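**Q** A single structure is presented below for examination.
The values are calculated or read from the model by the stated rules, or taken from the named source; none is laboratory data. These numbers were taken from a predicted model, which means no experiment stands behind them. Using ideal geometry, Cβ is built from the backbone for each residue, glycine included, and neighbour counts are taken over all protein chains shown.
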């Protein structure tokens, strides 16, 4: 089964391919010849995820899924949320985003946060959404050199190390994206017939 994952983010693409396994061939936007960003005009992850998947399906006529995910920090009113990648500006610099986050939390004892992911699959013109959440806390400083985004400052509940200190297998087994992708794969595996899947 061939599906497009609406991203050119190599970190996300690697994670998704590891999570999905060999039964599905996952194409990137680059594989379709699409360079650059795709529209994200909304202020919720649900809407942005649907917009991205629908854009690729409508323009390239291929079954597609897209994710929108973000870090939501309790004392910051859910920030950075849908703006996680652009928290410190449109340049989407991970280090600057983390710097801004840590600076904003300097005076707070409450470090509770959650990663949330929404995946929208557009299959044969119909869409389906799958969601995942992982709760945890923000550290005072970076730790670990793996992962991407806010991984060096996020410790999931029940653990004593950040996502960036975990192997990809360990992280994927508990992450927000891993949770959502698991639901996506279960849905695809349980389809009784697949006449619309290319």
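**Q** Would you check which residues across the range 27-43 are touching a helix residue (DSSP H, G or I) at 6+ places or on another chain (Cβ under 7 Å) and either part of a helix (DSSP H, G or I) or modelled with pLDDT of 95 or more (or both) and list them?
**A** Selection gives 32 alone.
**Q** Conditions: (1) over 14 Å from residue 181 (Cβ atoms); (2) touching a helix residue (DSSP H, G or I) at 6+ places or on another chain (Cβ under 8 Å); (3) modelled with pLDDT under 95; (4) not in a loop (DSSP other than H, G, I, E, B). Residue 4 meets all but one. Number of the miss?
**A** Of everything listed in (1) over 14 Å from residue 181 (Cβ atoms); (2) touching a helix residue (DSSP H, G or I) at 6+ places or on another chain (Cβ under 8 Å); (3) modelled with pLDDT under 95; (4) not in a loop (DSSP other than H, G, I, E, B), residue 4 misses just condition (3).
**Q** Is there any pair linking a residue in the range 158-186 that is free of Cβ contacts under 8 Å to residues at least 24 places away in the same chain to one that is in a loop (DSSP other than H, G, I, E, B) and surrounded by fewer than 18 Cβ atoms within 10 Å (Cβ to Cβ), with Cβ under 6 Å and at least six apart or on different chains, and which?
**A** Taking only residues 6 or more apart or on different chains, the pairs are 162/143; 162/144; 164/144; 164/146; 165/143; 165/144.
**Q** Give the residue, chosen from 161, 198, that is at pLDDT 95 or above, outside any strand (DSSP E or B), in contact with a strand residue (DSSP E or B) (Cβ under 7 Å, 6 or more places away or on another chain) and over 21 Å from residue 82 (Cβ atoms).
**A** On the way: 198 fails: at pLDDT 95 or above.
Of the residues listed, the single one that is at pLDDT 95 or above, outside any strand (DSSP E or B), in contact with a strand residue (DSSP E or B) (Cβ under 7 Å, 6 or more places away or on another chain) and over 21 Å from residue 82 (Cβ atoms) is 161.
**Q** Evaluate the range 103-117: report whether one residue or more is at pLDDT 95 or above and in a helix (DSSP H, G or I).
**A** yes
**Q** Also, I was wondering about something else. Would you check if there is a residue in the range 90-101 being in contact with a helix residue (DSSP H, G or I) (Cβ under 7 Å, 6 or more places away or on another chain), surrounded by 12 or more Cβ atoms within 10 Å (Cβ to Cβ), in a loop (DSSP other than H, G, I, E, B) and without any contact (Cβ under 8 Å) to a residue 12 or more places away in the chain?
**A** yes
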